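I'd like to ask some things about the structure below.
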Amino acid sequence: MSNEKILHLTIKKKWFDMISCGEKKEEYRADTQWIRSRLLAPNGTKKEYDYVIFRNGYNSKSPTVKVEYKGFRQGAGVICWGAEIGETYFVIKLGEVVRTIKHGPK
């Protein structure tokens, strides 16, 4: 049994492909209660994760990619990686791609 702490996120194909090949090193999420509950403990401290697993779709057989989690910051992002000018995001910092599964787990 693994003790890895994993953050699970669903993502669109364009961004999935860029993360899978190591080109995109950040993921942007709007400041919502849902993402706050994933990234922050009730007392406001940052939750710790080892990896992010991105799923391209909601089907159990959708492709997935496992990437090192390097923390997050709040602020602006890179336009070519999906950020919009003038917007502030939770910027999830990504490390090395660990594994890509083309058809997801069975």
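Explain nothing, just compute: Karplus ³J(HN,Hα) = 6.51 cos²θ - 1.76 cosθ + 1.60, θ = phi - 60°, for every residue of the range 35-40 in order, whole Hz, x for Gly and Pro.
Listing the rounded values in order: 5, 4, 5, 7, 9, 10 Hz.
Return the single residue from Thr32, Thr64, Thr88 with maximal mean-square fluctuation; model: Gaussian network over the chain, springs between Cα atoms under 10 Å.
Thr32
Which order results if Leu94, Leu9 are arranged by neighbouring Cβ count within 10 Å, fewest first?
Fewest-to-most Cβ neighbours within 10 Å comes out as Leu9, Leu94.
Using only the Cα atoms of the range 6-101, build the gyration tensor, take square roots of its eigenvalues as a ≥ b ≥ c, and label the shape rounded, prolate or oblate: rounded if a/c is under 1.5, else prolate if a/b is larger than b/c, else oblate.
oblate
Each residue of the range 86-96 in order: what ³J(HN,Hα) in whole Hz does its phi give by Karplus 6.51 cos²θ - 1.76 cosθ + 1.60, θ = phi - 60°, with x for Gly and Pro?
Rounded to whole hertz, the list is x, 8, 10, 10, 7, 9, 8, 8, 10, x, 6.
Loop-only GluC sites (Glu not before Pro) in the range 1-80, please: DSSP not H, G, I, E or B, and at most 12 other Cβ atoms within 10 Å.
Details: sites: Glu4, Glu23, Glu26, Glu27, Glu48, Glu68; in loops: Glu4, Glu23, Glu48.
Sparse-neighbourhood loop GluC sites (Glu not before Pro): Glu4, Glu23, Glu48.
Let me ask something else. Between Leu40 and Lys70, take the C-beta separation as r, use R0 = 22 Å, and let me know the FRET efficiency to the nearest 0.05.
So, using R0 = 22 Å, E works out to roughly 0.85.
Once you've got the GNM for the chain with C-alpha springs shorter than 10 Å, pick whichever of Gly71, Gly44, Gly57 has the biggest mean-square fluctuation.
The residue with the greatest mean-square fluctuation here is Gly44.
Bear in mind that the values in this text are calculations on the coordinates, not laboratory data. Predicted model, so just to flag it, every value in this text is computed and none were measured. All Cβ positions, glycine included, derive from the backbone under ideal geometry; neighbour counts span all protein chains shown.
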